[in-house]
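Data first, discussion second: the structure below is written as structure tokens.
The values are calculated or read from the model by the stated rules, or taken from the named source; none is laboratory data. As the structure is a prediction and not an experimental result, all values here were calculated from the model. All Cβ positions, even for glycine, are placed from backbone atoms using ideal geometry, and neighbour counts span all protein chains on display.
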Amino acid sequence: MGQGGPVTDLPARALDTSAEHPWPVRLLSSKIAAYVDRMSPVWVEGQVVQLNRRPGSGYCFLTLRDTEADASLPVSMLARVLDVPGDAVHEGAHVVVQAKPTFWTKRGTLQLQASAIRAVGVGELLARIEHLKRILAAEGLFDADRKVALPFLPAVVGLVCGRESKAEHDVVVNARARWPQVRFEIREVAVQGQGAVPQVTAAIAELDARPDVEVIVVARGGGAVEDLLPFSNETLVRAVAACRTPLVSAIGHETDAPLLDLVADYRASTPTDAAKRIVPDVREERQRLQQARLRLRGAVRARLGHEDERLAAIRSRPVLARPETMVEVRAVEVERLRASGRRALDAALVRGAGEVGRLTAQVRALSPAATLERGYAVVQGPSGGVVRAPDDVAPGDALRVRVAGGELAAEVSAATASGPAPTPRTNRRKKPDRVEGSLA
């Protein structure tokens, strides 16, 4: 098959090609062109760069670049499409383009053929930001309880800013003027346009991973709404929400309010304000320390004076002016109690002695020995039992007679009843019958 000859006996599908049966470039280009030509027109959003008008040809050429990624496409259109009244399109403008993809087989390039172009106004951009704001707020990314308190005196501060920007100067100079010992880890990145979102996000992640960085500041000077769009980007906002290190947003001026301000732990109105917030003023702290010392010294002196007055008042009391008075009063009281106790003990002893005498007399009166002393005797028979009647013994029995002075041995010679037994009376002692016998 010669160069430029007719295409015969070629594989019908790309899958069927091989080293022995390849497709020529013209066939592949024509197939790509046919495939791309089947695509429908599409609306594409991006930023205009490299705008080129070619007078006389009636055509304009530009490059449409993605604002969040390193991707771009060439666009061609008629000059009358670009010059539609009311839509001023210039380099750097944010636009939406209606275009149909076309493939140029001679150069092997893909290009968009635009039929309409419209600049995205500030109002529409703000509306998009407001819509995203509502979505993120519903997810709780802006809630106050998610925010982390900033450290009082960070040793190392992470700073994300533009290259050789005034924002970097404002943060570093003002922070070191307040606290000269503060150290910075600075990451200079693109803060607008292409690459801003991925570069800022990567810098925040890098600083967040460092254990010595205690707070991160994202700073940028003021600018148009389009310039601050990266700081309202959803990817960047979610990256800041996931950051564990406290983060300060210092974007633009007081009136600028990108979504980064809402998700950050602290929103500074300007980079200078951020510098004042992340570190204390050494002069103010020394002044506060001096004031605290003066207040403490005054409080100690007042307390000592008060305690000295209380001590003087206590020492002036009679009990401390003449301490022995308290002892003397207690001594008199002790002596009085001793005398009272002694009298009470003597009275108790006297009462006890009288009671003992009375009980002794009662015991003695009731004792059998007292009865024996009045002349009575106790007669016991041979078995040891007390003889109460003549019938209890028989003539010849040995008796044992107990009297007050001792015992006598006797023998029964005869037993005679003295008469009928007397009628028992209450509390009257029964007298024994008469027993005749002889004492041994």
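Determine if segment 318-326 includes at least one residue that is loosely packed, with under 10 Cβ neighbours inside 10 Å and either in contact with a Gly (Cβ under 7 Å, 6 or more places away or on another chain) or among the acidic types (Asp, Glu) (or both). Yes, segment 318-326 has at least one match. Taken together, 90, 131 contain a single residue that is surrounded by fewer than 12 Cβ atoms within 10 Å (Cβ to Cβ) and over 37 Å from the mean Cα position of the chain (by Cα), which is 90.
Going by what's in this entry, would residue 63 be described as surrounded by 15 or more Cβ atoms within 10 Å (Cβ to Cβ), touching a residue at least 60 places away in the same chain (Cβ under 8 Å) and either assigned by TED's automatic domain parsing to the domain that holds residue 102 or not in a strand (DSSP E or B) (or both)?
Numbers: surrounded by 15 or more Cβ atoms within 10 Å (Cβ to Cβ): yes; touching a residue at least 60 places away in the same chain (Cβ under 8 Å): no; either assigned by TED's automatic domain parsing to the domain that holds residue 102 or not in a strand (DSSP E or B) (or both): yes.
Against the criterion (surrounded by 15 or more Cβ atoms within 10 Å (Cβ to Cβ), touching a residue at least 60 places away in the same chain (Cβ under 8 Å) and either assigned by TED's automatic domain parsing to the domain that holds residue 102 or not in a strand (DSSP E or B) (or both)), residue 63 does not qualify.
Scanning segment 364-380 for residues that are in a helix (DSSP H, G or I) and out of contact with any helix residue (DSSP H, G or I) (no Cβ under 7 Å at 6 or more places or on another chain), we see that the one that is nearest to residue 394 (Cα to Cα) is 372. Looking only at residues of segment 189-208 that are in contact with a Lys or Arg (Cβ under 9 Å, 6 or more places away or on another chain) and part of a loop (DSSP other than H, G, I, E, B), we find that the one that is modelled with the highest pLDDT is 189. Across segment 406-440, the number of residues qualifying as under 21 Å from residue 368 (Cβ atoms) and either among the hydroxyl-bearing types (Ser, Thr, Tyr) or at pLDDT 80 or above (or both) comes to 6. Within segment 240-249, not a single residue is within 19 Å of residue 164 (Cβ to Cβ) and surrounded by fewer than 21 Cβ atoms within 10 Å (Cβ to Cβ).
If you take just the helices (runs of 4 or more DSSP H) that sit entirely in segment 249-329, which of them hold at least 2 residues that are in the same structural domain as residue 201 (by TED's automatic domain parsing) and modelled with pLDDT of 90 or more?
Hits in segment 249-329: 259-263, 271-278.
Answer with yes or no whether residue 128 is free of Cβ contacts under 8 Å to residues at least 40 places away in the same chain, closer than 23 Å to residue 257 by Cα and assigned to a loop (DSSP other than H, G, I, E, B). No, not satisfied. Filter segment 13-35 for residues that are in a loop (DSSP other than H, G, I, E, B), farther than 23 Å from residue 102 by Cα and of a type outside the set (Ser, Thr, Tyr) and give the result. Across segment 13-35, the qualifying residues are 19, 20, 21, 22. In the set 225, 282, only one residue is touching a residue at least 60 places away in the same chain (Cβ under 8 Å), surrounded by fewer than 18 Cβ atoms within 10 Å (Cβ to Cβ), over 30 Å from the mean Cα position of the chain (by Cα) and within 25 Å of residue 174 (Cα to Cα); that residue is 282. Residue 75 passes every criterion in (1) in contact with a Phe, Trp or Tyr (Cβ under 8 Å, 6 or more places away or on another chain); (2) of a type outside the set (Gly, Ala, Ser); (3) not in a strand (DSSP E or B) apart from (3).
Out of 81, 44, 75, 48, I need the residue that is under 27 Å from residue 194 (Cβ atoms) and over 60 Å from the mean Cα position of the chain (by Cα). Which one? Lay out the reasoning, then the answer.
On the way: 44 fails: over 60 Å from the mean Cα position of the chain (by Cα); 75 fails: over 60 Å from the mean Cα position of the chain (by Cα); 48 fails: over 60 Å from the mean Cα position of the chain (by Cα).
Unique residue meeting the criteria: 81.
Restricting attention to segment 137-188, the residues that are loosely packed, with under 12 Cβ neighbours inside 10 Å and of a type in the set (Phe, Trp, Tyr) total 1.
Among the residues of segment 88-110, not a single one is over 30 Å from residue 191 (Cβ atoms), touching a Cys at 6+ places or on another chain (Cβ under 7 Å) and not assigned by TED's automatic domain parsing to the domain that holds residue 191. If you take the residues in segment 209-222 that are among the aliphatic types (A, V, I, L, M) and in a strand (DSSP E or B), which one is surrounded by the fewest Cβ atoms within 10 Å (Cβ to Cβ)? It comes out as 215. I'm trying to understand the selection: among the residues of segment 223-232, which are touching a Leu at 6+ places or on another chain (Cβ under 8 Å) and either in a loop (DSSP other than H, G, I, E, B) or closer than 14 Å to residue 159 by Cα (or both)? Those that are touching a Leu at 6+ places or on another chain (Cβ under 8 Å) and either in a loop (DSSP other than H, G, I, E, B) or closer than 14 Å to residue 159 by Cα (or both): 225, 226.
When residues in segment 171-188 are screened for being of a type outside the set (S, T, N, Q) and part of a loop (DSSP other than H, G, I, E, B), 3 of them pass.
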